[in-house]
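Working notes, beginning with the structure itself.
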Amino acid sequence: MGVRLAEVVVDCADPLRVAEFWSAVLGWPVRRYDEDGEIYYDLEPPAPGMPELAFVPVSEPKQGKVRIHLDVAPEPGSTRDGEVERLLGLGATRADVGQRGDETWVVLADVEGNEFCVLGPRS
């Protein structure tokens, strides 16, 4: 027996807006679905077995630093700083979570303020 990571859920005030942002970040298509009369969005991963990103509506605002976050890394041929600039152009903002300033990653926030990190290239 065992489990696999099936999806990562992001609470949102505007799930479609956040899903469209992450779709532009990752290049994964947005899917809309209706469950019990509630509209949800998720991103379809490019390969079977990869976890989906799901975006669900919540009424309360985000408070404080998120306890879990996503890390993204540039594709081969891209750079961390180049990706940071691209993501800022998509609507991300720089986020201060108490970094020392000598980290190898950059902390950004998505269009609703959820922090994520842009790492250096991975092999």
For I68: the one exception among (1) β-branched (V, I, T); (2) surrounded by fewer than 18 Cβ atoms within 10 Å (Cβ to Cβ); (3) in the same structural domain as E7 (by TED's automatic domain parsing): (3)
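Matching residues to (1) closer than 21 Å to S78 by Cβ; (2) polar (S, T, N, Q); (3) at pLDDT below 95:
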{"site": "A19", "(1), (2), (3)": "no, no, no"}
{"site": "V25", "(1), (2), (3)": "yes, no, no"}
{"site": "W28", "(1), (2), (3)": "yes, no, no"}
{"site": "I39", "(1), (2), (3)": "no, no, yes"}
{"site": "A47", "(1), (2), (3)": "yes, no, yes"}
Residue list for region 72-91, restricted to those being assigned to a loop (DSSP other than H, G, I, E, B), within 25 Å of S123 (Cβ to Cβ) and of a type in the set (G, A, S): A73, G77, S78
Test: residue in region 28-37 that is surrounded by 14 or more Cβ atoms within 10 Å (Cβ to Cβ) and in contact with a Gly (Cβ under 8 Å, 6 or more places away or on another chain): no
Matching strands (runs of 3 or more DSSP E) fully within region 1-71 where at least 2 residues are touching a residue at least 60 places away in the same chain (Cβ under 8 Å): 7-12
Sole exception among (1) within 21 Å of A6 (Cβ to Cβ); (2) of a type outside the set (S, T, N, Q); (3) under 14 Å from the mean Cα position of the chain (by Cα) for A73, by number: (1)
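Rundown of residues vs (1) out of contact with any helix residue (DSSP H, G or I) (no Cβ under 8 Å at 6 or more places or on another chain); (2) in the same structural domain as L90 (by TED's automatic domain parsing); (3) closer than 23 Å to G91 by Cα; (4) not aliphatic (A, V, I, L, M), yes/no style:
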residue	(1), (2), (3), (4)
F21	no, no, yes, yes
W28	no, no, yes, yes
Y40	no, no, yes, yes
E44	yes, no, yes, yes
P48	yes, no, no, yes
L53	no, no, yes, no
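The values are calculated or read from the model by the stated rules, or taken from the named source; none is laboratory data. From a predicted model like this one, the values you see are computed outputs, not experimental measurements. Here the Cβ is made from the backbone with ideal geometry for all residues, glycine too, and neighbour counts use every protein chain on show.
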